[in-house]
1. Residues that are part of a loop (DSSP other than H, G, I, E, B), surrounded by fewer than 18 Cβ atoms within 10 Å (Cβ to Cβ) and either of a type in the set (A, V, I, L, M, F, W, C) or modelled with pLDDT under 95 (or both): does segment 12-23 have at least one?
2. Looking only at segment 1-32, filter to residues that are among the acidic types (Asp, Glu) and touching a strand residue (DSSP E or B) at 6+ places or on another chain (Cβ under 9 Å); which one of those is nearest to ALA73 (Cα to Cα)?
3. For segment 186-195, state whether one or more residues are in contact (Cβ under 8 Å) with a residue 24 or more places away in the chain, assigned to a helix (DSSP H, G or I) and not acidic (Asp, Glu).
4. I'm checking my understanding of the structure. Among residues of segment 1-11 that are surrounded by 15 or more Cβ atoms within 10 Å (Cβ to Cβ) and of a type in the set (Gly, Ala, Ser), which one is nearest to LEU42 (Cα to Cα)?
5. I'd like the full set of residues that are modelled with pLDDT under 85 and aliphatic (A, V, I, L, M), limited to segment 141-170.
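The values are calculated or read from the model by the stated rules, or taken from the named source; none is laboratory data. On a predicted model such as this, the values are computed, not experimentally measured, just so you know. Using ideal geometry, Cβ is built from the backbone for each residue, glycine included, and neighbour counts are taken over all protein chains shown.
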Amino acid sequence: MPSALLIEDEATARADLRTKLAAHPDVTIVGEAATLRTARSLLGRPDYDLVFLDVQLVGGSALELAPVVRAGARVIFVTAYDSYAVRAFEINALDYLLKPVDPARLAQALQRFAAASAAEAAATELPTGPALRIDDTIYLRSGLQGRFAPLADICAIAAHDNYSEVQLADGAKVFLRKSLKAWEDTLPATHFMRVHRTQIVNLSRVTRYRRDGDERTLLYVDGAAEPIPASRYRWSDLRSRLEHSRPAS
């Protein structure tokens, strides 16, 4: 029986969701919050499996709360007609609900929660999903932790068998169960290029490059401590893109 938290700053919306959840007696509401501060404290509890999380709260954006959600808990976002948020959640979230919450969509979201809980091991992989845009925000989940990041802040992605290591502009690295091929299939080709068998680079994050004595190309990328080597046979295409058509971030 899942235990749920309701984090919603509108009392009427919170009451509406509470009423509609009453039609699902297997879900137990164990806590409610209306502000970012109260929600942060509430999310420190160990006894919940599911969070209904409003996007905008008193005190700031609910996206700030992602890092403090209990490990293993699932989040269903609740939002008004915010195209930016909806786009991000379509790609990354377990599910999202538009206000006012439709009972049928609520039931569907709870079904997804049940399916995700039954396949927890598979849930650690970031879904391939639809094609990404450079202005998208994505959720990077690594094991039982995760963070939101603008796609433009992904500087490079390195392959590790069926896993990948994402290098972010702030220097952080996130290790994901997602192959380089899966990334390549969804990243916007206007910005990202596979420069090596094991590396994808955001060309708009390349600060400079140089050729060494072995005619290798070394790319210096935001956030990366070491230069990233590019394959020789990709040099012609890479040079053209870097010098003539490198997109702005």
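1. If we filter segment 12-23 for residues that are part of a loop (DSSP other than H, G, I, E, B), which is where we start, we get 22-23.
Adding the requirement that they be surrounded by fewer than 18 Cβ atoms within 10 Å (Cβ to Cβ) leaves 22-23.
This time we only want the ones that are either of a type in the set (A, V, I, L, M, F, W, C) or modelled with pLDDT under 95 (or both), so: 22-23.
Scanning segment 12-23, I find at least one residue that is part of a loop (DSSP other than H, G, I, E, B), surrounded by fewer than 18 Cβ atoms within 10 Å (Cβ to Cβ) and either of a type in the set (A, V, I, L, M, F, W, C) or modelled with pLDDT under 95 (or both), so the answer is yes.
2. So in segment 1-32, the residues among the acidic types (Asp, Glu) come out as 8-10, 16, 26, 32.
Adding the requirement that they be touching a strand residue (DSSP E or B) at 6+ places or on another chain (Cβ under 9 Å) leaves 8-10, 32.
Working: GLU8: 17, ASP9: 21, GLU10: 23, GLU32: 16 Å.
Applying the filter and picking the extreme gives GLU32.
3. Checked against the condition, which is being in contact (Cβ under 8 Å) with a residue 24 or more places away in the chain, assigned to a helix (DSSP H, G or I) and not acidic (Asp, Glu), segment 186-195 yields at least one hit.
4. Quick first cut of segment 1-11, residues surrounded by 15 or more Cβ atoms within 10 Å (Cβ to Cβ) only: 2-10.
From what's left, of a type in the set (Gly, Ala, Ser): 3-4.
Values: SER3: 13, ALA4: 11 Å.
This residue is ALA4.
5. Filtering segment 141-170 for residues modelled with pLDDT under 85 gives 141-148, 160-163.
Answer for segment 141-170, where residues must be modelled with pLDDT under 85 and aliphatic (A, V, I, L, M): just LEU144.
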